Amino acid sequence: MSFTAIGVSKDIDKGLNELGIITPTKIQMAAIPVLSVENIDFVGQAQTGTGKTAAFGLPLLARVDTSKDYIQALVLAPTRELGQQIAKQLFKFTKYSEQVFTEAVYGGEKIDIQINRLNRPTHIVVATPGRLIDLMNRKALDISKISTLVLDEADEMLSMGFKDDLTKILSKTKGDRNVWLFSATIPKELNEIIENYVSKDALRISIDKNDSVNTGIVHQYVSGDDNNKLDTLASFLKSQGKQRGIIFTKTKVAAKVLAKQLHAKNHEVGLLEGDMHQKDRDKVMRAFKNKSLRLLVSTDVAARGIDVDNLAFVVHYQLPDQTEYYTHRSGRTARAGNTGVSLVLVNPKEARKIFELEKELGIKFTKIK
């Protein structure tokens with residue numbers, strides 16, 4: 001199945017080919033043919049790394065009328081990084097087609113700079129919810145004429161505390177507009193938003209519903225004494241050679257301590273935690289993306305919006321409290337059809353959590369060592 005076969009124009013397909021995007025993924029095959037031509041609400045459940053940006057991005061580009069210079073579509077994303085990445089992808093998709101003007105707006109950059117950019121013709125705005133509310137309060141942009149509102153990584157936006165902002169934005173755009181919602185999980189809070197703001201006739205697609213976690217991921221665990229955890233991790237990292245990955249902790253303190261310990265063992269490691277200034281976070285992410293850092297130690301909140309290809313593994317140095325976080329963490333590896341390892345380090349008391357994850361997510365863990 002090719003992209004042109006599901007309704008993507010030859011000009012856009014040429015841009016996709018150049019990016020190495022040749023065959024549509026399941027979520028793309030389900031979404032693109034319908035969303036490109038029909039005025040319909042949509043709820044798509046698919047894991048991180050399954051090509052959701054193109055699943056909504058290509059239909060958005062097809063629907064923009066470039067002869068009109070007002071904002072026609074709004075994409076909401078949980079983090080600055082994801083927002084920037086979506087805007088960049090939309091720009092790359094249109095290399096050989098009519099130019100669609102996209103602006104990304106987010107916290108951490110001076111708002112006046114973004115207001116100036118929005119004064120130029122803009123067809124699509126990609127925004128984090130908080131910054132969008134700030135811009136709306138300043139009357140710096142008009143979203144009253146949008147025909148499509150996309151919520152990307154909707155579950156993450158809620159878990160980051162954006163529920164009030166989302167409901168405010170959704171109610172401001174009520175009327176003749178379609179909502180396209182994409183999410184890895186559909187928790188109770190998200191269902192409430194769907195019931196209140198998404199059409200009852202919405203097309204609902206769940207990709208690999210029985211495989212709540214990407215099937216390209218090999219799930220493993222090591223059970224041992226907490227005192228030996230660092231040595232177990234060091235041994236695993238050695239076995240991975242020069243392969244790259246992310247190590248997750250539950251707390252900021254644990255992340256800081258672990259990053260120092262790995263640095264002392266001569267690992268090229270960066271730290272991401274919630275209290276960091278945006279410029280420091282950007283510096284770490286640049287170094288990780290350009291491969292001058294092999295490892296990232298991160299908390300769940302700090303990792304939101306990270307999208308780095310070809311990561312071979314994820315390590316759960318501390319298990320998260322919520323099952324959804326395991327799904328999001330492990331989804332950082334085995335992206336775009338690749339395979340990867342998700343390794344959990346537990347003590348004997350925590351071992352029962354492994355069986356709970358197996359049951360809830362329909363996956364199988366292999367015990368190693």
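Stretching the chain fully between I368 and M1 yields a gain of 128.2 nm (0.36 nm per residue, less the alpha carbon separation).
Alpha carbon centre of segment 293-332 versus segment 26-47: separation in Å? Segment 293-332 and segment 26-47 have Cα centres spaced 27 Å from each other. The residue list P187, T215, T232 was ranked by how far each Cα lies along the charge dipole of segment 182-251 toward its positive end, using unit charges on Cβ atoms, and T232 comes out on top. Each label was represented as a point 7 Å from its Cα along the Cα-to-Cβ direction; for S171 and D112 these points are 3.3 nm apart. Between T215 and K279, residue separation times 0.36 nm minus the direct Cα-Cα distance comes to 19.5 nm. Any aspartates and glutamates with Cα under 14 Å of the K349 Cα? List them, leaving off those in the same chain fewer than 8 positions away. Filter leaves D225, D226.
Taking R0 as 30 Å, what FRET efficiency do you get between A287 and E18 from their Cβ-Cβ distance, rounded to the nearest 0.05? According to the calculation, E is roughly 0.70. If a spin label sat at a point 7 angstrom from the Cα of D65 along the line to its beta carbon, the backbone N atoms of segment 93-132 nearer than 19 Å would be those of 98-102, 121-125. Between D11 and K188, the modelled labels are 4.9 nm apart [label points 7 Å from Cα along Cα→Cβ]. Place a label point 7 angstrom from the Cα of V257 along the Cα-to-Cβ direction, then list the residues of segment 269-304 whose backbone nitrogen is under 18 Å away. Within reach of a label on V257, which here means backbone N under 18 Å from a point 7 Å along Cα→Cβ, segment 269-304 contributes 271-275, 297-300.
Under a Gaussian network description of the chain, with springs only between Cα atoms under 10 Å, the residue in K145, K252, K110 that fluctuates furthest is K110.
When the Gaussian network model of the chain links Cα atoms closer than 10 Å, the mean-square fluctuations of G216, G241, G331 top out at G241. Given the -39500 (n - 2.57) contribution per DSSP H run of 4+ residues, what per-residue ellipticity at 222 nm results for the chain, rounded to the nearest 500 deg cm²/dmol? Theoretical 222 nm ellipticity from helices: -11500 deg cm²/dmol. With N as its number of residues, the chain has a Cα radius of gyration that, divided by 2.2 N^0.38 Å, comes to 1.00. Each Cα pair under 8 Å and six or more residues apart adds its sequence gap; the mean of these over the residue count of the chain is a relative contact order of 19 percent. Site pair L203 and V37 shows an inter-label distance of 1.0 nm when each label is modelled 7 Å from Cα along Cα→Cβ.
Dividing the mean sequence gap of close Cα pairs (under 8 Å, 6+ apart) by how many residues segment 164-319 holds gives a relative contact order of 26 percent. Qualifying GluC sites (Glu not before Pro) in segment 95-166, where qualification requires a DSSP coil assignment and no more than 15 other C-beta atoms within 10 Å, comprise E98, E109. Between P187, P78, P129, the residue with the greatest mean-square fluctuation in the GNM of the chain (Cα pairs under 10 Å linked by springs) is P187.
Each Lys and Arg Cβ is given +1 and each Asp and Glu Cβ -1; about its Cα centre, the chain then shows a dipole of about 1000 debye. Other residues with beta-carbon under 13 Å from the beta-carbon of G337 carry, at +1 per Lys or Arg and -1 per Asp or Glu, a net charge of +1.
Given +1 at the Cβ of Lys and Arg, -1 at the Cβ of Asp and Glu and no other charges, the dipole of segment 153-211 around its Cα centre is 300 debye to the nearest 20.
Values quoted throughout were computed directly from the atomic coordinates according to the rules given, and no laboratory measurement underlies them. As the structure is a prediction and not an experimental result, all values here were calculated from the model. Ideal geometry is used to build each Cβ from the backbone, glycine not excepted, and the neighbour counts take in all protein chains shown.
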